[in-house]
Number of protein chains: 2
Amino acid sequence: MVRVMATGVFDLLHPGHVYFLTEAKKLGDELVVVVARDQTARRLKREPFVPEHLRREMVEALKPVDRAILGSTTDIYETVVRERPDIIALGYNQLWNEREVEGECARRGVPAKVVRLGAYPHNDIATRKLVERIQQRAPSPSPEAR
Amino acid sequence: MVRVMATGVFDLLHPGHVYFLTEAKKLGDELVVVVARDQTARRLKREPFVPEHLRREMVEALKPVDRAILGSTTDIYETVVRERPDIIALGYNQLWNEREVEGECARRGVPAKVVRLGAYPHNDIATRKLVERIQQRAPSPSPEAR
């Protein structure tokens, strides 16, 4: 049984996420997705719009996902040591370095292989673009501006 | 084989949608979801943020969904006649009247039963609330306002 792990914030789900998780699942038999905690997302990216327990629930509702779990708030390798994945799938735009992640996993006793996945070929709607689209349609704050 | 049909816009997926579709699937063996066309959503509700082909793709990626199809732009019963569901599941806040829908299905030769599902018990984030949250965090339009 080959266990694959993928991680992310998954704030507003879009087809790029589904593509990433579908490709990750193809690398093995079981896909465990680590959903970043609110405080981790806040520190590394921005405050999520959807709270962590609901982001986890939505990711677990996706077909390629066997289990979705919340990550650690302090040490991203804590979950790796607990879940012992055979493969860690990185999205095309996730910033970690493959060799560094493999090295740190090995140092902690988990000989996982790190695989970089390709970009979604039709990425016409990523989270940032979706957020911009929603914000552009925000009601004007003052009546004069309408 | 009991075929269940559910419909909706499914613009920004949230746990209430997953709950609705999970409950709908429990009513039979196969769940076909009709995703409203952009022009139908525009007419009945508001312009969707996510275009119809991506909304369809996201709905089909959800575990309870066997098939997601785009609806008709002119006649909502066109899809009912083509798919011939045994059961039509209505969400707790969908405005159709059960008896009227059953009557119209019967007139068109589809003896479907219409079942009204209950509300998501923990609906702490619906689409409207999520949109408001995103819009409230929109960058200020003028530099003085920052």
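Taken together, the values in this text are just the output of simple stated rules run on the coordinates, not laboratory data. All figures in this text were calculated on a predicted structure; none of them were measured in a lab. Because the Cβ atoms are built from the backbone with ideal geometry, glycine has one as well, and the counts that use them run over all protein chains shown.
If the label for A:Gly118 sits 7 angstrom from Cα along the Cα-to-Cβ line, what are its distances to the same label in every other copy, in nm to one decimal, shortest first? With the label placed 7 Å along Cα→Cβ, A:Gly118 yields 4.7 nm. For the protein assembly as shown, the 222 nm mean residue ellipticity estimated from helices alone, with every DSSP H stretch of n ≥ 4 adding -39500 (n - 2.57) and the total spread over all residues, rounds to -11000 deg cm²/dmol.
Seen against the Cα atoms of chain A and their longest principal axis, helix A:98-107 is set at about 50 degrees.
Here B:Gln39 yields copy-to-copy label distances, from shortest upward, of 5.2 nm, the label point defined as 7 Å from Cα along Cα to C-beta.
Each copy carries B:Met1; placing its label point 7 Å along the C-beta direction from Cα gives inter-copy distances of 3.1 nm, listed from smallest up.
Counted over the protein assembly as shown, the DSSP beta bridges are approximately 5% antiparallel. Residue by residue, region B:65-81 carries 3J(HN,Hα) couplings of 9, 7, 9, 10, 10, 7, x, 7, 8, 10, 9, 5, 7, 4, 5, 4, 5 Hz when phi is fed to the Karplus relation 6.51 cos²θ - 1.76 cosθ + 1.60 (θ = phi - 60°); x denotes Gly or Pro.
In a fully extended conformation the segment linking B:Arg84 and B:His53 would gain 8.9 nm over its present Cα-Cα distance, using 0.36 nm per residue.
What angle, in degrees between 0 and 90 and rounded to the nearest 10, separates the Cα long axis of helix B:127-136 from the longest principal axis of the Cα atoms of chain B? The angle comes out at about 10 degrees. Partners of B:Lys25 within straight-line reach, counting lysines whose Cα lies under 30 Å from its Cα and excluding those fewer than 8 residues away in the same chain: A:Lys25, A:Lys26, A:Lys63, B:Lys45, B:Lys63, B:Lys113, B:Lys129. With the simple spin-label model, which puts each label point 7 Å out from Cα in the Cβ direction, the A:Arg116 to B:Met1 separation comes to 4.4 nm.
With the cut-off at 1.5 for a/c, could you classify the protein assembly as shown from its C-alpha gyration tensor as rounded, prolate or oblate? Oblate, because a/c is 1.5 or more while a/b does not exceed b/c.
Counting Lys and Arg as +1 and Asp and Glu as -1 over every other residue whose Cβ lies under 13 Å from the Cβ of A:Leu95, the net charge comes to 0.
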